[in-house]
Amino acid sequence: MERVAINKKTDMKYFLILIIPIFLLSEGLVAGPQRPTSTNTKLPRIAIAGLSIESSTFSPALTNEEAFHARYGTSVFTLYPFLSADSPIRKRADWIPVLVGNALPGGAVTRQAYESLVSKTLDSLRKNGPYDGLVFDIHGAMSVVGLDDPEGDFISRIREVIGKKTIISTSMDLHGNVSWRLAENTDLITCYRMAPHEDAMQTRERAVENLLDRIESGKGKPAYKAWIAVPILLPGEKTSTRIEPGKSLYAQVAPAAAQPGIIDAAIWIGYAWADEPRNHAVVMVTGDDREKVKQTAEQLAQSFWKDRFDFAFVAPTATLEVCLDSALKSHKHPFFISDMGDNPTAGGAGDVTWTLKQILSRSEFKSATGPGLIYASIPGPELVENAIRAGVGGKVQGYAGAMVDARYAPPLMIAGTVESIQKGDPDAEVEVVVRVGSVHIIVTKKRKPYHKEIDFTRLGLDPRKTDIVVVKIGYLQPELYAMRADWIMALTPGGVDQNLESLKYKRIKRPMFPFDKDMKDPDLSAKLVPSSD
Ligand SMILES: [Zn+2]
């Protein structure tokens, strides 16, 4: 349905684009085009497509097509506030939004889901071409069952459809991977410069601006793309840009990109929970000044390599037992504990029961008058159903968790009092709070990350007035970080275990820091990537 809508819309746009300027020019109402274009006065035709997910191959979970909540045609615009109907950028091109899908991080994407989403993208691109540009909006850490380098595969297949002349501008998460194939097929490329990703939308806008500038100025594809593989594989929890050395390293990126002769510069940390040759850090710089492009990329890569021993967890880490002991002894509240191993926003299944089981077995929390603890969260559709039947204030019991990842603990029997029932969350669908002793457990129908204060307050919970808040998360997202009185990250088991050295990698390139600590300095000279045409 939506694809038909795109065609009609595009046809209408063509009609208006052709007729209105002729009318206005003939009436002497405008003095010609407002922006210089290289070859004609028509607006450039720019497609938008992409798929985003971070998927752990160390998790037994699988991701299906529905998880991407794919948007088609004009509904894609709602993902980009800077492309709203009356925005200046919207007026600079004839946009052809194709398909953009964003999934919560999770396990590998099934081959069927991937092929279906890719085919829909390619079919629509085929029908609506030709294109002057394409915005490729991806995360960069998608794993697909039985397929290496999915983003490289996807962009190669897009190239086969749209041809070699179209300028592709790729926007990524700094936890994505940039294979040589992706670098070859894209023309412009950039990624976030902040972790947590407070600049996510700004980055997408920069990718679009860079593309528009190259098309409008007639400069076209960059003359040079430098690519450097940096043999480092670190988790995001050690590479936040809030603290050193990540802070100073990433502070070099914007000035590097602002130099004459450079279009953009970017550093990718890469994704640690997938096992492919492409999983490592990368630096890329694009521009027209050969020496500047190479030199800038080499400087950034050298800085990263020089800092490698200084990356450390963004907060103290400890076993769960030690974290709970510290939180119980502390006078600082709320005391946050990150349940890191099963962080659903890094690719954990989100339903590991190991941590909650340990908490419920502690004597301190057995009585309703014990120290208050919020646990966010555990999926348990059966328990949610039972809670709806029991109603708020009713007694409920049922199993929760370990439907996807039961490697560390089986489904957990939870018996307690229903404190709250909320329906309608796009991820969780239904959320209930069940109190067991002094523990308030958020149980969801489907898994959901808890990153914002409102995620708690809308359930009637007040994390600011709670002694201990345990969240399946890595580094705290900004709102939780701002409200914490203290914070420890628990080294818990799960699909995104932070103890990378315990993971059984077989296919990443070696030597690789930190696995091969004594490795020799690598060759960090810039490789010039051939142009896509
Ligand atoms: Zn990220």
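The values are calculated or read from the model by the stated rules, or taken from the named source; none is laboratory data. What you see is a predicted model; the values in this text were computed from it and never measured. Neighbour counts run over all protein chains shown; Cβ positions are idealised from the backbone, glycine included. The area values use the complete protein model at the heavy-atom level, side chains included, leaving out ligands, DNA and RNA. Shrake-Rupley method; radii C 1.70, N 1.55, O 1.52, S 1.80 Å.
Across segment 381-401, which residue is surrounded by the most Cβ atoms within 10 Å (Cβ to Cβ) among those that are in contact with a helix residue (DSSP H, G or I) (Cβ under 9 Å, 6 or more places away or on another chain) and touching a residue at least 24 places away in the same chain (Cβ under 8 Å)?
Applying the first criterion (in contact with a helix residue (DSSP H, G or I) (Cβ under 9 Å, 6 or more places away or on another chain)) to segment 381-401 yields 394, 396-401.
Subsequent filtering for residues that are touching a residue at least 24 places away in the same chain (Cβ under 8 Å) retains 394, 396, 400-401.
Working: Gly394: 13, Val396: 21, Ala400: 24, Gly401: 29.
This residue is Gly401.
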Those residues of segment 405-431 which are farther than 30 Å from Thr57 by Cα and in contact with a helix residue (DSSP H, G or I) (Cβ under 8 Å, 6 or more places away or on another chain) amount to Val418, Ile421
Near pairs, Cβ below 6 angstrom, 6+ apart or cross-chain, from segment 138-157 (over 13 Å from Ala49 (Cα atoms) and in a strand (DSSP E or B)) to any residue that is away from the ligand (no atom under 14 Å from the Cβ) and not basic (Lys, Arg): Val144/Val109; Val144/Tyr114; Val144/Pro150
Among the residues of segment 199-214, are any open to solvent by less than 20 Å² (accessible area, probe 1.4 Å), away from the ligand (no atom under 16 Å from the Cβ) and in a loop (DSSP other than H, G, I, E, B)? no
Might you check whether a residue that is open to solvent by less than 10 Å² (accessible area, probe 1.4 Å), in contact with a Gly (Cβ under 8 Å, 6 or more places away or on another chain) and more than 16 Å from the ligand (Cβ to nearest atom) occurs anywhere in segment 185-195? no
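For every residue, the table says whether it meets (1) crowded, with 18+ Cβ neighbours inside 10 Å; (2) closer than 23 Å to Arg507 by Cα; (3) touching a Leu at 6+ places or on another chain (Cβ under 7 Å); (4) at pLDDT below 95.
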| position | (1), (2), (3), (4) |
| --- | --- |
| Lys91 | no, no, no, no |
| Leu104 | yes, no, no, yes |
| Gly107 | yes, yes, yes, yes |
| Ser116 | no, no, no, no |
| Asp123 | no, no, no, no |
| Arg126 | no, no, no, no |
| Ala141 | yes, yes, no, no |
| Glu151 | yes, yes, yes, no |
| Arg157 | no, no, yes, no |
What's the number of the only condition in (1) surrounded by fewer than 21 Cβ atoms within 10 Å (Cβ to Cβ); (2) touching a Ser or Thr at 6+ places or on another chain (Cβ under 7 Å); (3) under 30 Å from Ala428 (Cα atoms); (4) not hydroxyl-bearing (Ser, Thr, Tyr) that Glu298 fails to meet? (3)
Which condition does Val314 not pass, out of (1) surrounded by 20 or more Cβ atoms within 10 Å (Cβ to Cβ); (2) modelled with pLDDT of 95 or more, if it passes all the others? (2)
Looking only at segment 484-502, count every residue that is touching a residue at least 24 places away in the same chain (Cβ under 8 Å) and surrounded by fewer than 16 Cβ atoms within 10 Å (Cβ to Cβ) and tell me the total. 1
